[in-house]
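The structure appears below as structure tokens.
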Amino acid sequence: MDESLISAIRERHQRILSQIAEATAKSGREVGTVRLVVVSKSQPLEVVKAAIEAGASILGENYAEEAVAKIAALPQSGVEWHMIGHVQSRKADLVAGHFSMLHSLDSIKLAGRLERCCDESGHTLPVLLEVNVSGEESKFGFPAWNEDQWPELEPAFEQIMAFPHLALRGLMTMPPFFDNPEQARPYFQRLRRLQIYFSLRFPQAELTELSMGTSADFITAIEEGATYVRVGQAILGSRLL
């Protein structure tokens, strides 16, 4: 294995972890409560192996088939694989069978497919509900940009909570991209308010997780309550096209 590649990734990985720890402490939270998902989508297997060797403990993938090929090539990796991208319902079996968590549950149809797959295999899949807090048509997720319409989300939320093999743990979003991360803050704040809204209406739910923040804005996301941040290129370098 390329030791120089491992060393470079380890240095960047440690730098990001230090920034996460500092931002967590400044936010008045216990260090270690924000977890880093190293986004390995579109990265070659050599880079993924180097990331694991460099200390990555959670890897995030966007494409189910690409991810499953990597998982099969690294059967003893000891890392958690998280699906963070849009999942077509016909690929629910791949997600249910290979991932430790789904960050991007964005439809009742997908939830139903996942429930059936998990029921057949006899295990429970932790999931996050993906919501669109910006109104961008290019974004997936349940519509949540208009706070006056949040009550309309409650039936879908209840239905997903009722699936016995899906463990709803919180929310995920992807805000618009800005050069200035401060511009992303209102979208992170909206997700946090939605978490509080759902928690008040469904006190039986344990909605402790917020997956938000990427290489461009993860510090701001932590300041606004993120428990998972998704960082790829700042650690692994540019992706393959």
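Rule-based calculations on the coordinates, nothing more; no lab input. All of these numbers come straight from a predicted model, not from anything done at the bench. All Cβ positions, even for glycine, are placed from backbone atoms using ideal geometry, and neighbour counts span all protein chains on display.
What to note about this one:
- Dividing the summed helix terms, -39500 (n - 2.57) for each DSSP H run of n ≥ 4, by the number of residues in the chain produces a 222 nm estimate of -12500 deg cm²/dmol to the nearest 500.
- Paramagnetic label zone (point 7 Å from Cα along Cα-to-C-beta, GLN233; backbone N under 19 Å) in the range 186-223: 212-221
- Highest mean packing comes first when the peptides 12-21, 57-66, 150-159 are listed by Cβ atoms within 10 Å, giving 57-66, 12-21, 150-159.
- Evaluated with a Cβ-only charge set (Lys, Arg +1; Asp, Glu -1), the chain carries a dipole of roughly 180 debye about its Cα centre, given to the nearest 20.
- Relative contact order (%) - the chain, alpha-carbon pairs under 8 angstrom, separation at least six: 20 percent
- Cα gyration tensor shape for the range 20-156, rounded if a/c is under 1.5, else prolate or oblate: oblate
- Note on the range 164-224: dipole from Cβ charges, positive end direction compared against LEU200, ALA216, THR173; the farthest Cα belongs to LEU200.
- In this structure, the residue pairs whose Cα-Cα separation is over 21 Å, taken from LYS41/LYS70; LYS26/LYS139; LYS49/LYS91; LYS26/LYS49, are LYS26/LYS139; LYS49/LYS91; LYS26/LYS49.
- Screening the chain for whole DSSP H helices with an alpha carbon extent of at least 18 angstrom along the helix axis and a mean Kyte-Doolittle hydropathy of at least -0.5 yields 3-26, 108-121.
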